[in-house]
Amino acid sequence: MIAFLVLVALLAALVVFGVSLYNGLVRLRNASTNAFSQIDVQLKRRYDLIPNLVETAKGYLKHERETLEAVVRARNAAVTATAVAAASPGDPSAMRGLSGAEGALGASLSRLLAVAEAYPALKADVTMSRLMEELASTENRIAFSRQAFNDAVMAYNTARETFPGVLLAGSFAAAAPFEITVTAEREATKVAF
């Protein structure tokens, strides 16, 4: 009888351990999804600023229509890529698409800022200055959100790849971090007006 009780206690302990391990993986996966939501909020904030920035610059940059159109196209592509990534945060292909779209947007914004440097009246415009300040603040928030997401993804992936999590990892797909894939995006964006 004692052997039977010990066996039941061991089985109960294994079940509790398995449930705890499973719940831990779920908690970490949800934390990484939540962290991506924070990136999504900041990216939407940036996407909302860009049309205002383009409209403000339009009056001054009449001869730079191609640059302005490139920014709008890159913004639209980034909005689409963000929607795809938000539907499945951590999915490697969605994260690659988002990283590429964000890199293209960053490059087109950098070109816009470089062109704007040649127009002193635009640099002095109060609305443009406020928008640039807001954009710089948003870029910082995006960087912090990316870091939090990547930390959450690392914790989740580590838990699912190490023992004993690897025993239950079959139902938990690996998550991909938000990595910068465009070399130009690794350089600091100069926002100076």
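The values are calculated or read from the model by the stated rules, or taken from the named source; none is laboratory data. Predicted, not measured: the structure shown is a model, and the values here were computed from it. With ideal geometry, Cβ positions are generated from the backbone for all residues, glycine too; neighbour counts draw on all protein chains shown.
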Out of (1) at pLDDT below 95; (2) surrounded by 17 or more Cβ atoms within 10 Å (Cβ to Cβ); (3) of a type outside the set (A, V, I, L, M, F, W, C); (4) in contact with an Asp or Glu (Cβ under 9 Å, 6 or more places away or on another chain), the one Gly90 does not meet is (4)
Output the number of residues of region 151-177 satisfying the condition of being crowded, with 19+ Cβ neighbours inside 10 Å and either part of a helix (DSSP H, G or I) or of a type in the set (Val, Ile, Thr) (or both). 7
When region 1-58 is examined, which residues are found to be closer than 30 Å to Ala77 by Cβ and polar (S, T, N, Q)? Asn30, Ser32, Thr33, Asn34, Ser37, Gln38, Gln42, Asn52, Thr56
Tyr119, sole failed condition from (1) touching a residue at least 40 places away in the same chain (Cβ under 8 Å); (2) within 21 Å of the chain's Cα centre (by Cα): (2)
List, please: which pairs have Cβ atoms under 8 Å, are six or more places apart or on different chains, and start with a residue in region 139-167 that is free of Cβ contacts under 8 Å to residues at least 12 places away in the same chain and hydrophobic (A, V, I, L, M, F, W, C) and end with one that is buried (at least 17 other Cβ atoms within 10 Å of the Cβ) and part of a helix (DSSP H, G or I)? Val166/Arg160
Within region 140-193, work out how many residues are modelled with pLDDT of 90 or more, of a type outside the set (S, T, N, Q) and closer than 26 Å to Ile50 by Cβ. 10
So Ala81 ticks every box in (1) touching a helix residue (DSSP H, G or I) at 6+ places or on another chain (Cβ under 6 Å); (2) surrounded by fewer than 18 Cβ atoms within 10 Å (Cβ to Cβ); (3) without any contact (Cβ under 8 Å) to a residue 24 or more places away in the chain but one. Which box is left unticked? (2)
Hey, any hits in region 60-68 for a residue that's in contact (Cβ under 8 Å) with a residue 24 or more places away in the chain and either closer than 23 Å to Phe178 by Cα or assigned to a helix (DSSP H, G or I) (or both)? yes
Does at least one position in region 59-68 carry a residue that is under 28 Å from Asn34 (Cβ atoms) and modelled with pLDDT under 95? no
Return the residues of region 97-120 that are of a type in the set (Gly, Ala, Ser), farther than 16 Å from Val84 by Cβ and assigned to a helix (DSSP H, G or I); say none if nothing qualifies. Gly106, Ala107, Ser108, Ser110, Ala114, Ala116
